[in-house]
Amino acid sequence: MSALEDAVAILGCFSFDHPALTQAELTRRVGRPKATISRVMKTLRDTGMLEFDAGSRLYRPGIRLFELGQISRSHQNFLDLVHKRLQHVCEVGGHTGYITVFDGPQLAVLRMLRGSSPIAIAATPGYRAWPHATSNGRAMLALLTDEEWRLRVPQELPILSKNTPKTHEDLLERIRMVRETGRSSSSDDSYEGVSSQGIAVRDPDSHEVIGIAISYPTSLGTPELKEKLAVLLDDMKHDLQRHSH
């Protein structure tokens, strides 16, 4: 095992039932040599991951873990709020919803929500997509400065269909429309037969850009459906922005 694996194993021994443990108990639970555990625990103690009470000889999770937990909790709380709002949009709008974040030059799907329609455009969590070719991706890029998004997307944009923006200038026009109207849409940009409506917001604590999209078959994209989804997403964005302030 690596030192990192040993550290993870040690931290994994703590729980609400066992918030404080001796070094001997941690060594027994992890099942590694005493010298190895002692060395790793010293590093965890020096970095604030563990705290040691000399009187009781007990180790507890340290302040640094608490700080990291607070960061994770605040981010998850906002994601949970986004999830809840998107669930309503999917139920009323009838189609599949996604929550995405930037992952290098691409987007990664964090969560997928099925709509009430039996026809679903399904992409599982972890799925990657190009932001310039999706409604939510362009909405996310629109929250960045022009210098920021140009550095984020490839110089030569991958062409996925005849509707995909082909150059940075093409993409800039799409982004300008998003900024002017507050709405972002995609029709057969990533895949033939798939359309979507998208928005983007910033997590008020981490400031991470989060994308939201509703996808549906292009063949079902009547003007009435498009406007219905756009209004639902507009309302969702306004609700999330009120929560952020």
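Read the figures in this text as sums done on the coordinates, not as results from a lab. As the structure is a computational prediction, the values presented were derived from the model and not from experiment. No Cβ is skipped: glycine too gets one built from the backbone with ideal geometry, and neighbour counts run over all protein chains shown.
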Ordering of 48-57, 25-34, 107-116 by packing [mean C-beta count within 10 Å, highest first]:
107-116, 25-34, 48-57
With an 8 Å cut-off on Cα pairs and a minimum separation of 6 or more residues, tell me the relative contact order of the chain in percent.
16
Whole-number D in µm² s⁻¹ for the chain, Kirkwood Cα-pair radius fed into Stokes-Einstein, 4 °C, 1.567 mPa s
63
For region 153-219 the trypsin sites (Lys or Arg not before Pro) that pass both the DSSP coil test and the at-most-11 other-Cβ-within-10 Å test are 162
Placing each pseudo-label 7 Å from Cα in the direction of the beta carbon, residue 127 and residue 238 end up separated by a distance in nanometres of 3.0
Obtain the nm distance between the two label points defined at residue 108 and residue 181 by a simple spin-label model: each point lies 7 Å from its Cα along the Cα-to-C-beta direction.
3.1
Please give the length that would be gained between residue 144 and residue 208 if that part of the chain were fully extended, namely 0.36 nm times their separation in residues minus their C-alpha to C-alpha distance (nm, one decimal).
21.9 nm
Amide H neighbours of residue 96 under 5 Å, at least 5 residues apart or on other chains, H built in the peptide plane: list them.
115, 121, 215
Cα→Cβ-extended label distance, 7 Å offset, between residue 56 and residue 81, nm
3.6
Convert each backbone phi in region 57-62 into a coupling constant with the Karplus relation 6.51 cos²θ - 1.76 cosθ + 1.60 (shift: θ = phi - 60°), then list the ³J(HN,Hα) values in order as whole Hz, x for Gly and Pro.
6, 10, 9, 9, x, x
Mind checking which lysines have their C-alpha under 27 Å from residue 226, skipping anything on the same chain fewer than 8 residues away?
84, 162, 166, 237
Using a Cα-Cα cut-off of under 27 Å, which lysines could be cross-linked to residue 34, ignoring same-chain neighbours fewer than 8 residues away?
42
So, in Å, what gap is there between the alpha-carbon centers of region 1-44 and region 171-245?
46
For region 3-61, what does the relative contact order come out to in percent, with C-alpha contacts under 8 Å and a separation of six or more?
39
Just to confirm the number: angle between the C-alpha axis of helix 63-93 and the first principal axis of the chain, 0 to 90 degrees, nearest 10?
30
Solvent-free Debye scattering, log10 I(q)/I(0), computed from the Cα coordinates of region 3-61 at q = 0.21, 0.22, 0.28 Å⁻¹:
-0.73, -0.81, -1.36
Can you give the charge dipole size of region 1-54 about its Cα centre, rounded to the nearest 20 debye, using +1 on the beta carbon of Lys and Arg and -1 on the beta carbon of Asp and Glu?
260
